[in-house]
Amino acid sequence: MRTAYSVETVRAAERELMARLPEGALMQRAAAGLAAACADLLGRVYGSRVVLLVGSGDNGGDALYAGARLARRGAGVAAVLLAPERTHEGGLVALRRAGGTVVRDGGAEELVLRADLVVDGIVGIGGKGGLRPEAAALVAVVERSRAAVVAVDLPSGVEADTGEVRGAAVRADLTVTFGTHKPGLLIDPAREYAGSVRLVDIGLELPEEAELEALQDVDVARLLPVPSAESDKYRRGVVGIVAGSARYPGAAVLAVAGALRGGAGAVRYVGPAKDEVLARFPETLVSDGGPRKAGRVQAWVAGPGVGDDADAVAEVLAADVPVLVDADGLRLADREAVRGRTAPTLMTPHAGEAAALLGVRREEVEAGRLVAVRELAAAYRATVLLKGSTTLVAAGGGSAVRVNATGTPWLATAGSGDVLSGLAGSLLAAGLSGRDAGSVAAYLHGLAGRFAAEGAPTVAHAVADELPAAWRGVFPPAHPTR
């Protein structure tokens with residue numbers, strides 16, 4: 001599992017480690033990893049032109065020491081000092097001894113435009129509120145250059161703890177981060193600025209509980225419910241689907257598709273689109289009554305395409321089983337009814353729906369996704385899956401937020417969210433917690449989207465069809481489910 005920690009936690013771990021190491025040793029570890037990453041990106045160090053953008057913090061010192069290492073290997077290294085009076089003295093001495101040069105006033109633009117590599121050491125992980133005008137102007141020059149860009153620990157201009165970007169920011173090809181990932185490296189919009197991320201181990205001892213977690217194949221394989229020889233449809237989980245309307249029958253079909261492909265032992269459908277559902281999936285169990293008369297279920301999915309059927313959503317929320325609320329259900333669900341539930345609740349809004357629930361503009365949610373998902377989880381006392389290019393799952397109670405980036409922009413297509421709802425609902429019915437069901441569903445849904453698209457437009461039902469391939473793909477080749 002990939003983890004990320006807050007600036008405060010990282011700073012505390014750095015202080016503890018520095019107290020046990022010789023002075024400057026920690027910075028040398030970081031600089032060595034940074035220089036190695038720069039060399040790998042350059043391919044040929046000797047004769048290359050490297051420009052260091054050096055601010056006043058430790059990131060500037062890391063850049064200077066790394067630049068000295070590159071200069072000793074034959075690179076032409078020049079440092080542009082944005083705060084000459086507060087530049088890291090030891091790093092500056094090291095660079096000059098290695099043959100590097102320093103630029104204070106003028107000449108920076110020409111150097112950057114002629115560079116093979118630009119190293120961004122302007123602002124460290126503590127930077128907030130956007131870049132100062134001088135730095136922003138220099139970043140604009142970097143954007144015009146053809147140089148490869150390496151960010152030190154975090155691209156300057158993005159906020160480490162939240163992933164927010166306030167104004168100009170460095171767009172890196174590679175970010176070399178030290179000790180642990182920072183939340184902003186994994187969350188959009190900041191993630192878009194980081195490029196590839198390379199983690200350099202500098203020996204930090206970090207708490208067991210992280211701020212952010214990103215599941216990997218092995219984590220998903222461990223969480224997925226795999227039937228045993230004694231399994232029947234009820235042991236595998238029965239999920240009820242309240243979805244669809246005369247206007248949106250396809251939402252019901254797609255939610256059922258996600259549930260059937262998500263491992264449910266059986267799917268019960270309640271709603272006006274039963275003919276369309278049975279025509280596509282004859283194995284579905286349909287009911288003419290409301291949710292209370294549908295029969296035994298171990299979880300409910302309510303909302304995709306239901307229109308204004310508030311009564312059905314209220315019936316589902318009154319059930320003493322896990323419930324997933326999506327789409328129209330988010331608008332129809334009474335907040336106090338959700339807050340008062342004792343069984344788990346998983347809400348799956350996109351940014352626009354989250355904004356409506358929070359009473360803010362959509363742009364605020366998109367700019368501060370981590371803040372928004374935590375606020376929603378707290379407000380509704382529920383697990384919240386905030387959809388987007390990086391999907392976030394927050395369970396509240398101080399546990400780490402899960403982040404998922406397995407998807408593709410081609411998943412931004414009508415009905416894709418309905419498939420995700422059915423998939424997550426089936427995992428709830430199998431016994432996964434809201435946090436696990438949401439994050440595992442997002443992971444598989446993203447992989448299925450990639451498989452369905454293969455770099456070209458796709459449609460929601462094709463994503464559902466690829467879920468078995470995504471499921472199989474997370475297991476090692478020797479696993480019996482293969």
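The values are calculated or read from the model by the stated rules, or taken from the named source; none is laboratory data. Fair warning: this is a prediction, and the values are worked out from it, not measured in the lab. So basically every Cβ, Gly included, is an ideal-geometry build from the backbone, and we count neighbours across all protein chains shown. The area values use the complete protein model at the heavy-atom level, side chains included, leaving out ligands, DNA and RNA. Shrake-Rupley method; radii C 1.70, N 1.55, O 1.52, S 1.80 Å.
At-a-glance table
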| quantity | calculated |
| --- | --- |
| Qualifying residues in the range 229-244 (those that are modelled with pLDDT of 95 or more and either open to solvent by 90 Å² or more (accessible area, probe 1.4 Å) or of a type outside the set (Val, Ile, Thr) (or both)) - the one farthest from Glu315 (Cα to Cα) | Gly244 |
| Listing of helices (runs of 4 or more DSSP H) fully contained in the range 96-202 that carry 3 or more residues being under 19 Å from the mean Cα position of the chain (by Cα) and of a type outside the set (Val, Ile, Thr) | 190-194 |
| From Leu154, Leu206, residue being over 23 Å from Glu134 (Cβ atoms) and touching a residue at least 40 places away in the same chain (Cβ under 8 Å) | Leu206 |
| Residue in the range 375-397 that is most open to solvent (accessible area, probe 1.4 Å), counting only those that are small (Gly, Ala, Ser) and in contact with an Asp or Glu (Cβ under 8 Å, 6 or more places away or on another chain) | Ser389 |
| Gly184 vs. criteria touching a helix residue (DSSP H, G or I) at 6+ places or on another chain (Cβ under 6 Å), of a type outside the set (S, T, N, Q) and either in contact (Cβ under 8 Å) with a residue 12 or more places away in the chain or open to solvent by less than 30 Å² (accessible area, probe 1.4 Å) (or both) | yes |
| Scan of the range 93-118 for residues that are closer than 13 Å to Arg69 by Cα and surrounded by 22 or more Cβ atoms within 10 Å (Cβ to Cβ), ordered by number | Ala94, Leu95, Gly100 |
| Any chance Ala294 is over 17 Å from Arg268 (Cα atoms) and either among the hydrophobic types (A, V, I, L, M, F, W, C) or open to solvent by less than 10 Å² (accessible area, probe 1.4 Å) (or both) | no |
| Qualifying residues in the range 446-476 (those that are under 25 Å from Lys233 (Cβ atoms) and without any contact (Cβ under 8 Å) to a residue 60 or more places away in the chain) - the one surrounded by the most Cβ atoms within 10 Å (Cβ to Cβ) | Val463 |
| Qualifying helices (runs of 4 or more DSSP H) (wholly inside the range 204-266; at least 3 residues being under 30 Å from Asp161 (Cα atoms)) | 217-223 |
| Selection from the range 158-171 of residues that are open to solvent by 10 Å² or more (accessible area, probe 1.4 Å) and touching a helix residue (DSSP H, G or I) at 6+ places or on another chain (Cβ under 8 Å) | Glu159, Asp161, Thr162, Glu164, Val165, Gly167, Ala168, Arg171 |
| Subset tally (residues that are more than 19 Å from Arg296 (Cα to Cα), in contact with a helix residue (DSSP H, G or I) (Cβ under 8 Å, 6 or more places away or on another chain) and open to solvent by less than 20 Å² (accessible area, probe 1.4 Å)) for the range 420-442 | 8 |
| Single unsatisfied condition, Asp40 versus (1) open to solvent by 40 Å² or more (accessible area, probe 1.4 Å); (2) without any contact (Cβ under 8 Å) to a residue 12 or more places away in the chain; (3) farther than 27 Å from Glu143 by Cα | (3) |
